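To start, the structure itself, in structure tokens.
The values are calculated or read from the model by the stated rules, or taken from the named source; none is laboratory data. Note that the structure is a prediction, hence the values are computed from the model and not measured. Methodologically, a virtual Cβ is constructed for each residue, glycine included, from the backbone with ideal geometry; neighbour enumeration extends over all protein chains shown. Ligands, DNA and RNA are stripped out before the accessible areas are found, and what is left, the full protein with its side chains, is counted by its heavy atoms. Shrake-Rupley method; radii C 1.70, N 1.55, O 1.52, S 1.80 Å.
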Amino acid sequence: MDISVVIPLFNEEESLPELKQWISRVMDANGFSYEVIFVDDGSTDRSWQVIRELKEADPEHVRAASFRRNYGKSPALNTGFNMARGKVVITMDADLQDSPDEIPELYRMITAEGFDLVSGYKKKRYDPLSKTIPTKLFNATARRVSGIRNLHDFNCGLKAYRADVVKHIEVYGDMHRYIPYLAKLAGFNRIGEKVVQHQARKYGKTKFGLDRFVNGYLDLLTLWFTGRFGKKPMHLFGLLGSLMFFFGLLAVIAVGATKLYHMHAGHPYILVTDSPYFYISLVLMLLGSQLFLAGFVGELVVRNSPKRNEYEIKDTIEQ
């Protein structure tokens with residue numbers, strides 16, 4: 001099979017028939033073998049009934065799954081990835097803001113140009129400034145932290161993947177914003193971008209609020225930490241803890257030595273416990289000890305993890 005189109009959705013009953021018809025028209029015009037996988041993320045409208053009707057009308061090309069309740073876009077995508085059978089997987093939103101006309105070129109970039117992942121870039125957006133300005137800041141930060149400098153729109157729903165990519169990454173929580181970063185951490189480094197058409201929403205309203213920007217930065221920090229220190233937490237916590245304890249110890253010695261010097265020289269002096277630097281030093285030593293112990297506990301957790309020796313193997317040569 002050439003293409004699997006994965007569509008996560010939540011309360012999009014109006015747009016689904018039009019979207020399915022549009023996708024089928026593009027696929028048939030280009031002679032692709034394909035499947036459309038709808039993942040209903042616990043919709044409370046008639047979305048699942050509409051999907052059943054689409055399945056009855058085209059049983060060969062429609063597959064679907066429905067959650068009992070709303071879990072989020074990332075679990076829906078992960079479910080769709082597990083179901084996908086095509087050699088190229090295309091993801092798009094169900095609100096008709098992503099154009100299926102982009103599919104042939106995305107497919108070509110994966111199959112002919114050898115990209116592992118191609119992310120859409122909505123260069124011209126039909127969104128209010130309250131959404132576009134925070135999005136630009138968010139994408140600039142994501143480029144800086146992830147090191148994927150050629151992407152301008154990490155969160156674009158329209159993306160194409162080689163099948164290997166979606167089978168080797170796990171999308172959880174709200175990590176759908178960082179699928180290119182997840183792919184890079186899994187060893188898929190050929191990541192491209194294509195300017196795509198962004199259309200104004202035709203039905204319903206957006207399902208995302210401003211809290212996604214706060215959650216997005218927290219998720220980005222999580223990925224950065226797990227990517228760099230997930231298998232070696234002592235390298236971070238142990239280093240920070242050791243440095244804090246060392247500077248705290250030096251400060252305590254300095255406070256004590258200062259008192260002894262003034263005593264020996266016959267100068268007025270204050271008690272060590274009357275000096276604020278003494279308590280600052282103690283806090284540094286305590287925090288340093290706690291950070292070091294956190295790293296030690298992290299190493300014990302990693303050592304006992306069943307996945308501690310799981311690595312992404314690209315290829316093997318055997319006799």
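Structure notes:
- Being assigned to a helix (DSSP H, G or I), under 17 Å from the mean Cα position of the chain (by Cα), under 15 Å from ILE37 (Cα atoms) and of a type outside the set (A, V, I, L, M, F, W, C) is a property that holds for ASN78.
- Segment 1-40, subset outside any helix (DSSP H, G or I), out of contact with any Gly (no Cβ under 7 Å at 6 or more places or on another chain) and among the acidic types (Asp, Glu), residue least open to solvent (accessible area, probe 1.4 Å): ASP40
- Of the set (1) in a helix (DSSP H, G or I); (2) at pLDDT 90 or above, all apply to THR135 but (2).
- Selection from segment 46-65 of residues that are out of contact with any helix residue (DSSP H, G or I) (no Cβ under 8 Å at 6 or more places or on another chain) and part of a loop (DSSP other than H, G, I, E, B): ARG46, PRO59, GLU60
For (1) more than 19 Å from ASN155 (Cα to Cα); (2) in contact (Cβ under 8 Å) with a residue 24 or more places away in the chain; (3) among the hydrophobic types (A, V, I, L, M, F, W, C); (4) touching a Leu at 6+ places or on another chain (Cβ under 6 Å), each residue gets a yes or a no:
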position: ASN30; (1), (2), (3), (4): yes, yes, no, no
position: GLU35; (1), (2), (3), (4): yes, yes, no, no
position: LEU54; (1), (2), (3), (4): yes, yes, yes, no
position: ALA94; (1), (2), (3), (4): no, yes, yes, yes
position: GLU113; (1), (2), (3), (4): yes, yes, no, no
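- Any hit, segment 68-88, residues being at pLDDT 95 or above and either among the acidic types (Asp, Glu) or more than 29 Å from MET109 (Cα to Cα) (or both): no
- Residues of segment 264-292 that are farther than 30 Å from PRO233 by Cβ and open to solvent by 90 Å² or more (accessible area, probe 1.4 Å): HIS264, PRO268, TYR269, ILE270, LEU271, ASP274, TYR277.
- Considering VAL297, VAL272, VAL283, VAL255, the condition of being modelled with pLDDT under 85 and among the β-branched types (Val, Ile, Thr) is satisfied by VAL272 alone.
- In summary, THR44 fulfils each of the numbered conditions (1) at pLDDT 95 or above; (2) over 13 Å from ALA94 (Cβ atoms) with the single exception of condition (1).
- Residue in segment 102-112 that is at pLDDT 90 or above and among the polar types (S, T, N, Q) present: yes
- In the condition set (1) part of a helix (DSSP H, G or I); (2) open to solvent by 20 Å² or more (accessible area, probe 1.4 Å), GLY114 is compliant with all but (1).
- Evaluated against (1) in contact (Cβ under 8 Å) with a residue 60 or more places away in the chain; (2) touching an Asp or Glu at 6+ places or on another chain (Cβ under 9 Å), ASP2 falls short on exactly one condition, (2).
- Selection count where residues are open to solvent by less than 50 Å² (accessible area, probe 1.4 Å) and modelled with pLDDT of 85 or more, scope segment 146-180: 23
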